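What follows is one structure encoded as structure tokens, with my remarks underneath.
The values are calculated or read from the model by the stated rules, or taken from the named source; none is laboratory data. Source: prediction; values computed, not measured. Here Cβ is always computed from backbone atoms with ideal geometry, including for glycine, and neighbour counts include all displayed protein chains.
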Amino acid sequence: MALVLILQLLTFWPLCHADITMTVPTASYPKPWLGAQPAAIVIPGVNVTLRCRAPQPAWKFALFKYGEITPMLYRVVSAELAEVFLEEVTPAQGGSYQCRYQNPGWALGVWSQPSDALELLVTDELPRPSLVALPGPVVAPGDNVSLRCTGRLRDMRFALYRVGEAVPLQYHNSERPWADFPLPRASAPGTYSCYYHTPNAPYVLSQRSEPLVISWDGSGSSDYTLGNLIRLGLAILVLVSLATLLVLDWRSSC
């Protein structure tokens, strides 16, 4: 009798643990999409909703956080979307999240591929950017110069300031972790700084970059003036030559 009971327990053991063991899925179980509202970068205290959307009907969702073996939670729904509400998030809740789903037509214990990782950042301030001049901070008259503000995050909004002016000179939205600000030649010399922030509210801002000084190239200015003097001298020489020819022609005609 005891032997029969043990065999029955061994038979039902996989069924009892089917929801915990994630069977490695095949390509026929497409991954879901995971997003955050209002944003994936927020300040502490904001309410965040994580949304896991399946590409086909699902009946169960699981949310994972990187570094944790077991799922944070399950959601049993008969839809293609599951929402997880995080109330007044703290920096400790930041991290990398993924989700999976189950389809009612799949075998027991089979889950979809994991979604792409969602990086949730909970912080009061973004890392300080850097500001550099391209091709360099010393500009020859007539040359073009561009300032590059580089942060650590993509899809940010960048602003360029000139020291002494309260209003930003330029704004740029960038999908890359940097933005380029071309400067007009006449207004290039000066001291500049930049910062970046999340594109939508609630806004999270970075500190301003270290100031960058753009100055004229003195040697370039001298070369530029010398070139003008040479051109002026050649023009005078041509005029003198023409005047001499006219005088000689007038004398010969007399």
E80 under 27 Å from the mean Cα position of the chain (by Cα), over 30 Å from L169 (Cβ atoms) and outside the structural domain of S193 (by TED's automatic domain parsing): no
Criterion: closer than 19 Å to L205 by Cα, among the charged types (D, E, K, R) and not in a strand (DSSP E or B) - qualifying residue of D116, D143, D124: D124
State which residue pairs qualify: first residue under 9 Å from R51 (Cα atoms) and inside segment 79-90, second residue among the acidic types (D, E) in any location, beta carbons under 6 Å apart, and separation of 6 or more residues or different chains. none
Just checking: which of the strands (runs of 3 or more DSSP E) contained wholly in segment 178-254 hold 1 or more residues that are out of contact with any His (no Cβ under 9 Å at 6 or more places or on another chain), of a type in the set (S, T, Y) and modelled with pLDDT of 70 or more? 190-197, 212-216
Those residues of segment 77-128 which are touching a helix residue (DSSP H, G or I) at 6+ places or on another chain (Cβ under 9 Å) and farther than 26 Å from R152 by Cα amount to L108, G109
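Residue by residue, here is whether (1) in contact (Cβ under 8 Å) with a residue 40 or more places away in the chain; (2) among the polar types (S, T, N, Q) holds:
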position	(1), (2)
E119	yes, no
T123	yes, yes
V132	yes, no
G136	no, no
N144	yes, yes
C149	yes, no
M156	yes, no
G164	no, no
